[in-house]
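Let me begin by presenting the structure, written as structure tokens, before commenting on it.
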Amino acid sequence: LRGKVCILGAFNVDIVAWVHRFPRGGESLLAQRSSLGPGGKGANQAMAASRAGAQVHFVAKVGKDQFSQFAFDHLASSGIHSFRLYQSEREPTGNALIYVSQDDGENMIAIYSGANKTLSSDEIASMSPELASSNVLLVQLENNFDATLNAMKLARALGVQVIMNPAPFSPDILGCIDLIDIITPNETEASLLSGVEITDLESARAAALAIVARGARRVIITMGSRGALIYDNQQFQHIPAFPALSVDTTGAGDAFNGALAAAIADGQTLAQAATFASAFASLAVEREGASNMPAYQQVISRLALR
Ligand code: ATP
């Protein structure tokens, strides 16, 4: 893929403890295993778009603490083409404290956004040169919303397509749907955006129509192993998930969005790009770790299975 994708989003440090069961209030228990690694939807999606073959420019903000060097080292060795890390004087690097229950794979997460919520309008304005030479801007909702909104306005003024992954859901998004070219909610976010509870493909279609009625142009609702529903040009298309030996589904959405942006930047149609993103995400769920993404050649092999 040859397109250029600019991504604005969060960088978090994920601190994970694998436990037999979650601790109760006031209890200390011994974890079986622990890890500390890169996370945040922005960083994960940047990793995905880069592995999918796009030339990626990633913009994020961290603190002035021991984790900012960690962020820098991770991005410098990630294969991501270029990045800009701002540093907050007051807030620490964002972090996520995660328990994963080894019995059923369920997780429990507390996120502190920290520096991710402190992007200034000057910092967004200085994205202009990189944005102007990009095909796509990909954003999520983990930064302060005014920064994300400014970046979307800048992209539109520069004629750059905007892909919004509205996660985690915030009602702020309802006021600016007209700035978005492609919106990619999962089932929960699509239900909150539309007011339609999604239980099957039929209700997902109704939700997509309600999201369009709110001003969206093109919609992709991702539905885990049930695949993805596209609404484009007044037509629905269901893209079934590729069969996968699921190991760790956290980050499936990040894999899908990064790969989608890479394929759209390369000029693929929405259906082609969503199929590519589905193949990419099906490989990502076979790997442990939310930021652990497959390689382009594996995706091509999996696509050949359909
Ligand atoms: P998460 O929050 O867990 O990162 P999400 O809820 O944002 O994920 P999903 O809708 O679960 O996103 O998944 C995105 C896409 O990834 C799906 O549309 C599908 O193509 C693919 N996918 C997810 N889970 C599976 C699976 N078990 N097998 C194959 N493909 C999957």
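The values are calculated or read from the model by the stated rules, or taken from the named source; none is laboratory data. Every value quoted in this text rests on a predicted model; they were computed, and no experiment measured them. Note that we place each Cβ from the backbone using ideal geometry, even for glycine, and neighbour counts take in every protein chain shown. In case anyone asks, the SASA skips ligands and DNA or RNA and just uses the protein heavy atoms, side chains included. Shrake-Rupley method; radii C 1.70, N 1.55, O 1.52, S 1.80 Å.
Are any of the residues in segment 216-233 away from the ligand (no atom under 13 Å from the Cβ) and assigned to a helix (DSSP H, G or I)?
Taking every residue of segment 216-233 in turn, none turns out to be away from the ligand (no atom under 13 Å from the Cβ) and assigned to a helix (DSSP H, G or I).
So is V299 among the β-branched types (V, I, T) and near the ligand (Cβ under 9 Å from one of its atoms) or not?
no
Quick check on my filter: what residues within segment 286-306 are open to solvent by 20 Å² or more (accessible area, probe 1.4 Å), assigned to a loop (DSSP other than H, G, I, E, B), touching a helix residue (DSSP H, G or I) at 6+ places or on another chain (Cβ under 7 Å) and hydrophobic (A, V, I, L, M, F, W, C)?
Residues satisfying the conditions are A290, A295.
If the Cβ limit is 8 Å and pairs must be 6+ apart or interchain, which residue in segment 272-295 that is over 16 Å from Q237 (Cβ atoms) and of a type in the set (F, W, Y) pairs with which residue that is more than 9 Å from the ligand (Cβ to nearest atom) and open to solvent by less than 30 Å² (accessible area, probe 1.4 Å)?
Filtered contacts from segment 272-295: F280/A48; F280/A52; F280/G258; F280/A259; F280/M293; F280/P294; F280/V299.
Residue by residue, here is whether (1) within 7 Å of the ligand (Cβ to nearest atom); (2) under 27 Å from A17 (Cβ atoms) holds:
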site: A255; (1), (2): yes, yes
site: A263; (1), (2): no, no
site: A274; (1), (2): no, no
site: L283; (1), (2): no, yes
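Every residue in segment 1-15 that is within 26 Å of V62 (Cβ to Cβ) and open to solvent by 20 Å² or more (accessible area, probe 1.4 Å), please.
Of everything in segment 1-15, those that are within 26 Å of V62 (Cβ to Cβ) and open to solvent by 20 Å² or more (accessible area, probe 1.4 Å) turn out to be K4, D14, I15.
Scanning segment 165-215 for residues that are of a type in the set (V, I, T) and assigned to a strand (DSSP E or B), which turns out nearest to N143 (Cα to Cα)?
Result: I183.
Quick one: in segment 235-258, which of the residues that are of a type in the set (G, A, S) and within 10 Å of the chain's Cα centre (by Cα) is surrounded by the fewest Cβ atoms within 10 Å (Cβ to Cβ)?
A252
Do you know which of the residues in segment 81-105 that are open to solvent by 60 Å² or more (accessible area, probe 1.4 Å) and within 20 Å of the chain's Cα centre (by Cα) is nearest to F22 (Cα to Cα)?
Applying the filter and picking the extreme gives L97.
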